Amino acid sequence: MADQRAVHLVRRPGRALSAEDGVGALLAAYHLRTEAEKGTPVADPDGLPDRYRAEVSDPGAAFADDVVLVAVSGGTAVGCLVVTAPVDGRSEIKRLWTEPAFRGRGVASELLGAALAQATESGADAVRLSVWAWRTGAVALYERFGFTVVESWDGRDHLVCMERAL
């Protein structure tokens, strides 16, 4: 019998996402946690800023031109990551999230490794991302994968911008 907690990755063009993919629920958890960490907690996705609520309600439209990587265990989505199409030779990684019960098992590392492969396949020369400074575990993960801090392209306080050449 297969281990129901085993995780495999699925790569989906953003426009091909459906409600059954579970990505909307993962994005909701990601954004709700982020808003709470920023000191502006909201009770449910309806309280999220419009931009984030749109991602949760229709990830297929929000990420139509991107590739979404989904970690699946026992038929349930337990992690996700978005890789944008290259612009000026650079892809961006967004929305890395792993369900808390699956943390510490290498899911985020698998998603990140697959994202770098996707960016390479799509012709990117570099990958960039931004991460909140208080997410020290995520910053350390990105550093292990060769990302370095670069000058910010985003004016929000406490946001760390990182990049890695491919």
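Side notes on the structure shown:
- Taken as a whole, the structure places Ala108 among residues that are part of a helix (DSSP H, G or I) and closer than 19 Å to Ala28 by Cα.
- Among the residues of the range 144-152, some residue qualifies, meaning at least one is at pLDDT 95 or above, within 24 Å of Leu9 (Cβ to Cβ), not in a loop (DSSP other than H, G, I, E, B) and not aromatic (Phe, Trp, Tyr).
- Of all the criteria given as (1) under 20 Å from Pro100 (Cβ atoms); (2) at pLDDT 95 or above, the one not satisfied by Ser73 is (2).
- Hey, Lys38 more than 15 Å from the chain's Cα centre (by Cα) and basic (Lys, Arg) or not: yes
- When residues in the range 40-83 are screened for being without any contact (Cβ under 8 Å) to a residue 40 or more places away in the chain and of a type in the set (Asp, Glu), 4 of them pass.
- Taking the range 67-83 as the range and being buried (at least 24 other Cβ atoms within 10 Å of the Cβ) and in contact with a Gly (Cβ under 6 Å, 6 or more places away or on another chain) as the test, the residues that pass are Val68, Ala71.
- Residue that is farthest from Val7 (Cα to Cα), among those in the range 44-91 that are charged (D, E, K, R) and not in a helix (DSSP H, G or I): Asp88
- Within the range 84-107, being in contact with a Leu (Cβ under 8 Å, 6 or more places away or on another chain) and either in contact (Cβ under 8 Å) with a residue 40 or more places away in the chain or surrounded by fewer than 22 Cβ atoms within 10 Å (Cβ to Cβ) (or both) holds for Glu92, Lys94, Arg95, Leu96, Trp97, Glu99.
- Just one of the numbered conditions (1) in a strand (DSSP E or B); (2) over 12 Å from the mean Cα position of the chain (by Cα) is not true of Leu96: (2).
The values are calculated or read from the model by the stated rules, or taken from the named source; none is laboratory data. Keep in mind the model is a prediction, meaning the values are calculated, not measured. With ideal geometry, Cβ positions are generated from the backbone for all residues, glycine too; neighbour counts draw on all protein chains shown.
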